[in-house]
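Q: Here's a structure for you.
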DNA sequence: TTTCGCATGTAAACAGTTACATGATTAC
DNA sequence: GTAATCATGTAACTGTTTACATGCGAAA
């Protein structure tokens, strides 16, 4: 999914500036699904405007820098629907955390314990945010569905880590002993 | 985690060629954690050899192309342990599938149904592979821990999709009706 | 007979992030 | 005072993927 389509998706939910689009990928309901940086967003918005898929309105603000607010056009909505109708690329996932755990026998047990604890805390923090009313609006059925899937997956990962943390630590601390199942 | 460290990790489990390293990221226990392509692996192996972190042995084979088998050196193991001791970068995740579901109201319900069904089938196929004895060895506690975390997460995602599939389809098919909770 | 698996490698193309440039206001 | 938030944008750098180049043997 290219950055232009990602921006088009956010703008389809309501007029937004480049800055607000970035926030949507960090805080809003799109968090954890995709992310981008200003270096991708601003050029994408310029291209979308040039192609007539969004309209750009310059807004002067008091006590704040000016902003450019983008609105989706009919052609933009058609382009978004078209992009959404293409076969999705495979999910892309890469995790240093899991890579390190994979080689837990090369790492001091205290560090493994710390990494797992940090990860559990991270999940619990995310889950708390996701339950905060007003975290995001969940206006559509799709948003709610994706949000709840995220909650289910993060909860199960956190549960697994809590349940199996000590087992792993015992195994790497006493490599010669058989650990009962 | 750079490609050199990824290769070093794989080679630490036993001598391997570039071709076999690629397979480890597609089929072995490292599957779903990280992936790379030949275009990254071969230059990384050249660099690791130059830096003395691996040894390279050229093996002539019958009825097969020659291969270069890489073995980790003491310096290589130290470099791996050092890389493993650095704070892990955040997980990177991006999903076209979830992006499309997020905008389910712009997509024909039949397509949403198909995408969810395909995803459930994909998870079930992965879970079946992961349960196949000999899929990978799980020689270490870390490998088993990561493997079982994967099973837990994929199972919960598949369960969620199965349980909530129809609810989402009802909501996007009858957008004006309130759906009871 | 065509595709798949084995096997290595390079170059070009593409995507993405980081750092820089600029600057006012507000909260701690 | 210092950090964070608001706000846009470019350029350089880094990393990754894809396509190309080559070719045998085995299975479908």
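Nothing in this text is a laboratory measurement; each read-out follows from the coordinates by a stated rule. Note that this is a predicted model, so its numbers are computed, not measured. Glycine also receives a Cβ, built like all others from the backbone with ideal geometry; neighbour counts cover every protein chain displayed.
Q: At a Förster radius of 56 Å, what calculated FRET efficiency corresponds to the Cβ-Cβ distance of residue A:46 and residue B:46, to the nearest 0.05?
A: According to the calculation, E is roughly 0.90.
Q: Tell me the Rg and the Dmax, in Å, that the Cα atoms of the stretch A:11-71 produce.
A: Final numbers for Rg and Dmax: 11.8, 34 Å.
Q: Nearest 10 degrees, 0 to 90: what angle lies between the long axis of helix A:109-131 and the longest principal axis of chain A (Cα atoms)?
A: 40
Q: Shifting gears a bit: Calculate, in nm to one decimal, what residue A:122 and residue A:173 gain on full extension: separation in residues at 0.36 nm each, minus their alpha carbon distance.
A: This chain segment gains 15.9 nm when fully extended.
Q: Write down the radius of gyration of the protein assembly as shown and its Dmax, each obtained from C-alpha positions, in Å.
A: Looking at the protein assembly as shown, its Cα Rg and Dmax stand at 23.4, 77 Å.
Q: Provide the descending list of Cα extents for the stretch B:25-179 along its principal axes, expressed in whole angstroms.
A: Reported extents, whole Å, longest axis first: 68, 42, 31.
Q: When only alpha-carbon atoms are used, what values of Rg and Dmax, in angstrom, describe the stretch A:1-112?
A: 18.6, 58
Q: Report the relative contact order of the stretch B:1-104, percent, no decimals, based on alpha-carbon pairs under 8 angstrom and at least 6 residues apart.
A: Value for the stretch B:1-104: 29 percent.
Q: Quick check: the angle from helix A:74-84's long axis to the longest principal axis of chain A, C-alpha only, nearest 10 degrees?
A: 20
Q: To the nearest 500 deg cm²/dmol, what mean residue ellipticity at 222 nm is calculated for the protein assembly as shown from DSSP H runs of n ≥ 4 alone, each contributing -39,500 (n - 2.57), summed and divided by the residues?
A: The helix-only estimate for the protein assembly as shown comes to -19000 deg cm²/dmol at 222 nm.
Q: Measure off 7 Å from each Cα along the Cα-to-Cβ vector at residue A:77 and residue A:92, then give the distance between these two points in nanometres to one decimal.
A: 3.0
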